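Nothing in this text is a laboratory measurement; each read-out follows from the coordinates by a stated rule. Just so we're clear, the structure is a prediction, and the values are computed from it rather than from any experiment. In this analysis, Cβ positions are derived from the backbone assuming ideal geometry, glycine residues included, and neighbour counts consider all displayed protein chains.
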């Protein structure tokens, strides 16, 4: 560069340019040449490095180098050639200001190269970690992002130290005075860091989990967990972004337990008209004995009741003192047997057919079981088929479903009343 600077000065002096102006123009021309050479060196290094790395990656069977190439880790190192050229050329000028600016720029250039190399390496490391089985339960994206933030903050401190020509220790000593401001600025980041550690350590959440958080209108699958946010793809394909710390400070439902159990809960009830509940006579028992799900039960139950009544010397026709079967009790057993033989009902999980508290809306008969298929559409079809069957079979037991009267019920009642009046006349 010194030879080039002297050459420019000689040419300009021969052209009759004043010495002071010639000196400035020569320095500017050398800077342009330095910029051009630095760019060509960076471009050439990037091309050569890309070819070497590409050939190396093709020969290896591991995936980590593929992720390094995808994240452009080696491309950041291509700038080292231009940074070195600027660094070694920083003393070419007679001007102390120009030399100082070039030297400072080269140092900032090195800091930028190191920063981008570290950040891209962290992203590649996260991609490599995602291929391991540990990534399913323990994501590290939040930790890597925190590390990248720390690297970025350190880089800023070094850049400022270069600009003000002070050591980094000088700046670090003054950080204590602005610690409160930093805590206020990075409040969400600090809270998210603590939340990320808790979520990972306690295995509360991982990508692929189905969560429901009504306070944030989230109900779907977790697709990404970062330092500050958790992205949830709802069932309507919208994306809900939840602050990471909100998942610790607030409550949410994680359905992973249901998915790992091998079943999905079906909890439905039918409100029965209590006025339709009655004792069964012989004709009703004879009719219901044709149900293959009830035949053995009715025979055993009748023997038990008959033995009980005979023991107390109660006659068969004694309605008030003897034991008798009810249509509701028989239907409850029928429903239990029906669900027991259903191929899509899980028999090893909770299985209940029970009465709930009667109210002005009738007597709720609830079945609490688990389906084997967890797929949403198939799950809905299973419980819909069960409800269809219950509503269709109820009249065979002499039971009625309770529902509030509609306009059709009122008009039907009026027409029946009018018909009865006409017949009476």
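Compute the angle between helix 96-130 and the longest alpha-carbon principal axis of the chain, please, reported from 0 to 90 degrees and rounded to the nearest 10.
Its long axis makes an angle of about 30 degrees.
Report, in degrees rounded to the nearest 10, the 0 to 90 angle that the Cα long axis of helix 187-201 makes with the longest principal axis of the chain.
That helix lies at roughly 60 degrees to the long axis.
Take the alpha-carbon centre of segment 148-162, take the same for segment 333-409, and report the distance between them in whole Å.
Using only Cα atoms to place each centre, the spacing works out to 65 Å.
Shape call for segment 205-259 from the C-alpha gyration tensor, a ≥ b ≥ c root eigenvalues: rounded (a/c under 1.5), prolate (a/b greater than b/c) or oblate?
rounded
Take every Cα pair under 8 Å in segment 267-425 that's 6+ residues apart, average their separations, divide by the length, and report that relative contact order as a whole percent.
32 percent
To test your reading of the geometry: what angle, between 0 and 90 degrees and rounded to tens, separates the Cα axis of helix 295-311 from the longest principal axis of the chain?
The answer is roughly 50 degrees.
When the Debye formula is applied to the Cα atoms of the chain, each taken as the same point scatterer, what base-10 log of I(q)/I(0) results at q = 0.08 Å⁻¹?
These q points yield log10 I(q)/I(0) values of -0.76.
Take the alpha-carbon centre of segment 203-279, take the same for segment 33-57, and report the distance between them in whole Å.
51 Å
Neighbour counts of other C-beta atoms within 10 Å: give me 61, 203, 282 arranged from fewest to most.
So the ranking, lowest neighbour count to highest, is 61, 282, 203.
Once you keep just the Cα pairs under 8 angstrom separated by 6 or more residues, what percentage relative contact order results for the chain?
Details: 465 pairs, mean separation 42.6, N = 425.
With pairs under 8 Å counted, the relative contact order is 10 percent.
Taking all pairs of different Cα atoms in segment 268-312, averaging 1/r and flipping that mean, what Kirkwood radius in angstroms comes out?
Hydrodynamic radius (Kirkwood, Cα only) of segment 268-312 equals 12.5 Å.
Give the shape of segment 306-425 as rounded, prolate or oblate, defined through the alpha-carbon gyration tensor: a ≥ b ≥ c are the square roots of its eigenvalues, a/c under 1.5 means rounded, and otherwise the shape is prolate if a/b is larger than b/c and oblate if not.
oblate
Given axes a ≥ b ≥ c from the Cα gyration tensor, I'd like to know whether segment 241-360 is rounded (a/c under 1.5), prolate (a/b larger than b/c) or oblate.
It comes out prolate by the Cα gyration axes.
Would you mind telling me which residue in 155, 307, 124 has the biggest mean-square fluctuation in a Gaussian network model of the chain, where springs connect alpha carbons within a distance under 10 angstrom?
Of 155, 307, 124, the most mobile in the Gaussian network model is 307.
When only C-alpha pairs under 8 Å and at least 6 residues apart count, what is the relative contact order of segment 205-259, in percent?
Numbers: 99 pairs, mean separation 17.8, N = 55.
Value for segment 205-259: 32 percent.
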